[in-house]
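K.L.:
This is the structure I have questions about; it appears just below.
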Amino acid sequence: MDDTASDLRFTPQLFELRRLKMPLVRPFRTSFGTETVREMMIARVVTEHGEGWAECSIESDPLYLSEFLDAADHVFSDHLVPRLFAHGALRAEDVADVLEPVKGHRMAKATLEMALLDVQLRAAGISFQQYIGGTSTSVEVGVSVGITDTIDELVSNVAGYVEDGYTRVKLKIEPGFDIEPVRRVREANPDIRLQVDANTAYFVEDIDHLAQLDELALLLIEQPFGEDDLVGHAELARRITTPVCLDEAIRSLDHTRTALALNAAHIINIKPARVGGYLAAVKIHDHCRALGIPVWCGGMLETGIGRAANLALASLPGFTLPGDISATKRYWTQDITRPFEMVDGRIEVPTGPGFGVDVDLDFVEEITFERRELRPV
Ligand code: SMG
Ligand code: MG
């Protein structure tokens with residue numbers, strides 16, 4: 001990583017947490033629920049050297065991972081932010097250590113680190129991409145397609161995304177909506193790169209059933225079993241030919257090391273928030289790259305803040321598979337940053353200082369339904 005960002009120290013004077021409601025352009029259904037209006041949180045930190053913004057990828061309910069927004073409110077105000085205030089001047093690289101005594105809550109921790117990273121890189125005048133040593137000026141992206149009431153509807157939704165230019169499509173699956181829908185999408189699109197994501201909806205007893213996916217030429221199957229079932233995923237990896245990818249199971253570099261040691265994954269989905277932040281995400285990328293394990297950048301239906309950062313992350317050389325980073329219009333009619341457009345299946349990596357996007361304060365104000373300020377006492 002680039003050291004030019006490392007000279008100054010930053011004293012947080014204020015953390016502002018905002019909860020927003022953003023309507024999705026189309027409902028997004030997974031094995032754990034349907035989202036129509038997405039409840040999101042963003043954070044802003046103010047320091048003596050300027051301010052920074054962060055995406056908080058925590059969901060409103062504890063259905064994807066255990067963290068959820070109402071709990072995060074408490075964790076931020078009573079456990080994490082007071083530790084940063086008490087520590088005084090610091091760099092983004094210090095945040096994980098300062099917050100280490102608090103167990104878990106990695107998405108909350110990732111938010112605070114991200115806000116400080118934005119300040120720090122803006123103060124140094126360098127982009128996040130430069131800081132991590134990302135190489136490509138644009139990255140290949142994909143789209144994640146939700147479960148539908150009928151297979152025809154799914155085939156039609158996928159056709160729309162292919163029409164928009166997506167060449168890699170991920171289908172959400174669940175028991176009762178798996179082999180047949182995926183087969184129909186494959187038949188209609190013989191050449192697209194297709195993959196599936198089950199969000200922990202299956203059990204090891206389902207391996208023979210899931211093996212039917214093998215004839216559909218998928219890039220990968222993502223996290224069919226529980227977040228702790230590494231042994232189950234290892235058995236799956238032995239018994240099917242479709243490459244196995246882990247998402248929910250990977251919440252740290254240690255989880256990554258363990259999963260790979262057990263042969264529980266051929267591919268890793270790196271979601272920065274899930275692993276405790278962008279700095280941990282880079283470490284996981286480096287580890288996987290050294291072992292020749294392909295990685296790709298996961299998505300949490302982010303605002304433009306998170307999308308900007310994910311694009312830079314995905315420009316590291318080990319991100320050899322397209323990420324769940326779609327164009328803005330796949331998610332929102334209006335975003336809180338400038339929109340991101342896809343051209344030829346790729347989106348450009350932002351080059352401005354920090355994460356390289358400005359936040360539309362008027363629009364943020366309009367969609368904020370809760371705003372809290374945390375200051376040192
Ligand atoms: O495009 O950001 C996106 C969505 C990607 O499918 C996606 N994310 O398990 O990978 C996943 C899900 C988690 C979020 S569902 C609310
Ligand atoms: Mg997933």
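K.L.:
Kirkwood hydrodynamic radius, the range 4-112, all distinct C-alpha pairs: what's the number in Å?
P.N.:
15.1 Å is the Kirkwood radius here.
K.L.:
For the chain, with equal point scatterers placed on the C-alpha atoms only and solvent neglected, what are the log10 I(q)/I(0) values from the Debye formula at q = 0.07 1/Å, to two decimals?
P.N.:
Debye curve over Cα of the chain, log10 I(q)/I(0) at q = 0.07 Å⁻¹: -0.29.
K.L.:
Note down the accessible area of residue 153, probe 1.4 Å, to the nearest 10 Å².
P.N.:
The accessible area of residue 153 comes to roughly 80 Å².
K.L.:
Just by accessible area at a 1.4 angstrom probe, what is the order of 21, 103 from largest to smallest?
P.N.:
103, 21
K.L.:
On to the next question. Checking the table 103/271; 103/329; 21/103; 103/170 against a 25 Å threshold on Cα-Cα, which pairs fail?
P.N.:
103/329; 21/103; 103/170
K.L.:
Quick one: ranking 186, 346, 307 by accessible area, 1.4 Å probe, largest first, what do you get?
P.N.:
Result, largest first: 346, 186, 307.
K.L.:
With +1 assigned to the C-beta of every Lys and Arg and -1 to the C-beta of every Asp and Glu, and no other charges, what is the dipole magnitude of the chain about the Cα centre in debye, to the nearest 20?
P.N.:
540 debye
K.L.:
While we're on this one: Would you kindly derive the ³J(HN,Hα) couplings of the range 339-351 from the backbone phi angles with the Karplus curve 6.51 cos²θ - 1.76 cosθ + 1.60 (θ = phi - 60°), listing them in order in whole Hz, with x for Gly and Pro?
P.N.:
x, 9, 10, 9, 10, 6, x, 10, 10, 6, 7, x, 10
K.L.:
Which ³J(HN,Hα) values, rounded to whole Hz and listed in residue order, are derived for the range 202-211 from phi using the Karplus coefficients 6.51, -1.76 and 1.60 in 6.51 cos²θ - 1.76 cosθ + 1.60 with θ = phi - 60°, glycine and proline given as x?
P.N.:
After applying 6.51 cos²θ - 1.76 cosθ + 1.60, I find 10, 10, 4, 5, 8, 4, 4, 4, 5, 4 Hz.
K.L.:
Could I ask something else about it? Relative to the Cα centre, what is the charge dipole magnitude of the range 130-348, using +1 at the beta carbon of each Lys and Arg, -1 at the beta carbon of each Asp and Glu, and rounding to the nearest 20 debye?
P.N.:
860 debye
K.L.:
Each residue of the range 103-112 in order: what ³J(HN,Hα) in whole Hz does its phi give by Karplus 6.51 cos²θ - 1.76 cosθ + 1.60, θ = phi - 60°, with x for Gly and Pro?
P.N.:
Once θ is set to phi - 60°, the couplings for the range 103-112 become 7, x, 6, 5, 5, 5, 4, 4, 4, 5 Hz.
K.L.:
Something else: May I ask for the distance between the Cα centers of the range 114-153 and the range 1-76, given as a whole number of Å?
P.N.:
One Cα centre to the other: 14 Å.
The values are calculated or read from the model by the stated rules, or taken from the named source; none is laboratory data. A quick note: this is a predicted structure, and the numbers were derived from the prediction, not measured. So basically every Cβ, Gly included, is an ideal-geometry build from the backbone, and we count neighbours across all protein chains shown. Note: accessible area is taken over every heavy atom of the protein model, side chains too, but ligands, DNA and RNA are not part of it. Shrake-Rupley method; radii C 1.70, N 1.55, O 1.52, S 1.80 Å.
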